């Protein structure tokens, strides 16, 4: 199993409408056939010193194996998301774990 966790910090001038479009595009990634588990979220209202709530969106995907992860990386839906929405990224951090 491979966990792919992506945290997005969007630029400060991103409008609410753009954020909705961004989230809707993230939702399309659930349709990629190699995605076993899918979750899109925003920071939970948890106030603890060890919890980072500074990001805008979280994307968590689980894949069966590294081969499935590799299929996802070049999938047309993933590429379309990046092509359209990477201009909104201020920062992106990715954690991959097996």
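Computed quantities for the displayed model
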{"read-out": "Top-ranked residue of region 6-61 - restricted to ones that are touching a residue at least 60 places away in the same chain (Cβ under 8 Å) and part of a strand (DSSP E or B), ranked as surrounded by the most Cβ atoms within 10 Å (Cβ to Cβ)", "value": "8"}
{"read-out": "Residue 35 vs. criteria under 24 Å from residue 17 (Cβ atoms), within 13 Å of the chain's Cα centre (by Cα) and at pLDDT 95 or above", "value": "no"}
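The values are calculated or read from the model by the stated rules, or taken from the named source; none is laboratory data. Note that the structure is predicted; figures quoted are calculated from it, not measured. A quick note on method: Cβ atoms are made from the backbone with ideal geometry, for glycine too, and the neighbour counts reach across all protein chains shown.
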